[in-house]
Structures are given as structure tokens and as C-alpha cells.
Amino acid sequence: DGKEKLVCVSTNGSSKLVFVMNLATSSLGEEDRKALLIADDSPVITKFFKKLFQDDYEILVATNGKEAIEIVEEYKDKNLVGFFCDLMMPEMDGYEVLEYFKNNNLFEKVPVSIISGEDTQDGIEKATSYGVVDMLQKPFNESAARTIVERTISFSPNNK
């Protein structure tokens with residue numbers, strides 16, 4: 001079929017076993033991979049998510065709320081399965097992004113979880129009142145990040 005293959009032959013007495021494996025990693029293009037959007041102005045956080053999830057997802061990054069909304073609008077009906085939003089960002093903060101989601105009925109299309117250093121009771125209650133899936137407090141570890149991603153994408157209609 002013209003595709004690169006790995007062939008292994010093993011003999012056992014009078015029997016011969018042939019194993020053939022395609023070497024192509026995936027037939028899915030980048031545009032077909034499920035995507036996660038990380039909206040955070042901290043390069044440490046975005047690099048952490050990229051490193052942790054790049055083998056399984058296309059990682060989309062926004063450094064402010066305005067960029068996040070533009071990316072959501074482009075990917076919401078395609079392959080976006082989870083959105084992870086910081087509350088404190090330049091240009092448009094996470095609360096404004098959550099308000100945009102609410103006003104445009106986007107929570108049904110794209111599940112959202114918060115990643116933030118917000119630790120005031122009022123701030124946490126305000127963020128969670130929008131119907132987000134979960135909230136991950138900074139600083140966090142790999143295990144907590146994996147748990148929130150799994151939980152968040154379980155609510156995605158694009159993850160079926």
C-alpha cells in the first residue's frame with residue numbers, strides 16, 4: 001500500500017510468524033486532533049500544559065481573554081474538548097470571558113474549568129456561579145492537572 005512498515009519474522013520449528021506494523025503515527029491531521037485551550041498570561045502555566053498534554057491533544061494557547069474568545073469561536077464546533085481559563089489576564093479577564101460564554105450559550109458546547117490563583121471566597125463563588133466544571137488552584141501538580149482535564153473533557157459534546 002506504499003506505507004512504511006516494520007516487519008518482524010519469527011520462526012519456531014516448522015512455523016513462521018510474520019508481524020507487520022504500520023510506522024505512520026496517525027492518520028489524523030492536526031486539525032482532526034482533539035484540542036484543549038489554555039488561556040493564561042503565564043508562560044510557565046501554558047508550557048506546563050503543553051508539555052503534559054501535547055502527545056494527546058492539540059494545545060491551543062491564549063494569553064488574554066480576547067484571544068481566548070477568538071479561538072473558542074473558531075474551534076467550538078470542531079475539535080475543542082476543553083477550555084482552561086485563568087481569571088486574571090490582561091485585555092479581558094477570565095470573568096469577562098465567562099460572561100461572554102454565558103451570554104452566548106457556549107458552556108453547552110465547550111466545557112470550562114478555571115485555573116487560577118484566586119483564593120478569596122467571593123472570587124471563587126463568582127467564578128463557579130457560571131457553571132464551570134471545576135476550579136484548579138495555583139500552584140498545582142501534574143496529577144491535579146490530569147484530573148481536571150479528564151473531568152472537564154468528559155462534559156464535551158466534541159469528545160464523543
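Read-outs throughout are calculated quantities, based only on the coordinates presented, and are distinct from any laboratory measurement. What you see is a predicted model; the values in this text were computed from it and never measured. FYI the Cβ positions are ideal-geometry reconstructions off the backbone, even for glycines, and counts take in every protein chain you see.
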For this session: Starting from the exponent 0.38 and prefactor 2.2 Å, build the expected Rg for the stretch 45-160 from its residue count and divide its actual Cα Rg by it.
Result: 0.97
Exercise. Amide H neighbours of L60 under 5 Å, counting only residues 5+ apart in sequence or on other chains, H built in-plane at 1.01 Å?
Worked result: L36, L37, I38
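Over all directions, average the projected area of the Cα convex hull of the stretch 53-101 and note it in nm².
Projected over every direction and averaged, the Cα hull of the stretch 53-101 covers 3.4 nm².
Please work out the Cα convex hull volume for the stretch 71-133 and give it in Å³ per residue.
Numbers: hull volume 5.1 nm³, N = 63.
Output value, Cα hull per residue: 81 Å³.
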Problem set entry | Residues listed by number, the stretch 41-58, amide nitrogen under 18 Å from M88 label point at 7 Å toward C-beta | 41-46
Problem set entry | Per-peptide average of other Cβ atoms within 10 Å, ordering 139-150, 59-70, 44-55, 76-87 highest first | 76-87, 59-70, 44-55, 139-150
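Can you tell me the length gained on complete extension of the stretch D77 to E99, counting 0.36 nm per residue apart and subtracting the Cα distance?
Working it through step by step, the gained length comes to 6.0 nm.
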Seminar exercise, completed: So, with points 7 Å from each Cα along the Cβ direction, the E108-I124 label distance in nm works out to 3.1
